[in-house]
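Have a look at the structure below, then the notes.
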Ligand SMILES: [Zn+2]
């Protein structure tokens, strides 16, 4: 599918993409201003994939859908692909109002529980501590202290869900969906593939326009998330060209393998740019952000840019190209001998 062939579904409506598959689009209060959700026509009711952020616009949108095209059949289950606020934020209230069970991976759920538990000063301190090691300015550190409610602002608490693994599959009226669980953009995202019909609900792992954010985890920054994501991209670069990729943002597309190769090149160019910068002496996360991003504004963008820069440096260390030292509380990355 080409972007020009695709008109996103209007608010309160669903666009049919296959016999039993529908595309929904919700507003987001971010620069990335929308998310795609999907609905499968299941044997015992609707199967919903992802929920939107917890805010009034999302509530109004679900009101319109539950009273409109989804009315008359129960919600069979709600699958949350990963923990990010735009996918998981409204899962708890949606489960409560529909009575449907939620399914997600255990590690993504545990992360939500933890993020809600440490919201407030504890998260502010965690973020400020990371930014200090990254050599960001005092002004940014002060911003971090204020930014402590970034997660609960958009994510409602949820009851413990059912945990999905790759041993599960999801049956809809038109087919059987294989569960794949991937690490990189998050710790264990659920993707659903119907190989027979060439359909892949890819969540945020394969997007047609933007490069999915790959961020180091604040509590475990040395976990090589980018390495995991590059492994994922290698794997999906073999997808059949005609497979329809149904992503969490922008529009459905084909030639997913080609897109994966473009994303692999994108990350290798960024890794090379950081290696090049380190020829002139050790780099920090802050100086790497200047190499990778032309401009970064506001706490939301700084959060993602810093996480992405650290993830690339982490990968350079994990693959032996750089070494990290911690002097005066600042992480410095130099070329390995
Ligand atoms: Zn995401």
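The values are calculated or read from the model by the stated rules, or taken from the named source; none is laboratory data. What you see is a predicted model; the values in this text were computed from it and never measured. Neighbour counts run over all protein chains shown; Cβ positions are idealised from the backbone, glycine included.
Starting from residues that are touching a residue at least 24 places away in the same chain (Cβ under 8 Å) and in a strand (DSSP E or B), keep the ones in the range 181-195 and report whichever is surrounded by the fewest Cβ atoms within 10 Å (Cβ to Cβ).
As a first pass, look at the range 181-195 and keep what is touching a residue at least 24 places away in the same chain (Cβ under 8 Å): 181-192.
Restricting the remaining residues to those that are in a strand (DSSP E or B) gives 181-182, 189-192.
On the way: 181: 17, 182: 25, 189: 27, 190: 27, 191: 23, 192: 25.
Top of the filtered list is 181.
Being surrounded by fewer than 20 Cβ atoms within 10 Å (Cβ to Cβ) and in contact with a helix residue (DSSP H, G or I) (Cβ under 7 Å, 6 or more places away or on another chain): is that true of residue 178 here?
No: the conditions fail for residue 178.
Kindly indicate which of 249, 300 is within 16 Å of the ligand (Cβ to nearest atom), modelled with pLDDT under 95 and over 21 Å from residue 324 (Cα atoms).
Answer to the selection: 300.
Just a yes or no: is a residue in the range 98-114 at pLDDT below 95 and either out of contact with any helix residue (DSSP H, G or I) (no Cβ under 7 Å at 6 or more places or on another chain) or crowded, with 19+ Cβ neighbours inside 10 Å (or both)?
no
Just give me the residues in the range 202-213 being buried (at least 24 other Cβ atoms within 10 Å of the Cβ) and either away from the ligand (no atom under 16 Å from the Cβ) or over 16 Å from residue 83 (Cα atoms) (or both), in sequence order.
Within the range 202-213, 206 is the sole residue that qualifies.
Would you pick out the residues in the range 221-246 that are within 16 Å of the ligand (Cβ to nearest atom) and surrounded by 20 or more Cβ atoms within 10 Å (Cβ to Cβ)?
Correct list: 225, 226, 229, 232, 233, 245, 246.
When you scan the range 52-67, do you find a residue that is at pLDDT below 95 and within 17 Å of the chain's Cα centre (by Cα), even just one? Break it down stepwise before answering.
The first filter runs over the range 52-67 and keeps only residues at pLDDT below 95, leaving none.
Within the range 52-67, none of the residues are at pLDDT below 95 and within 17 Å of the chain's Cα centre (by Cα).
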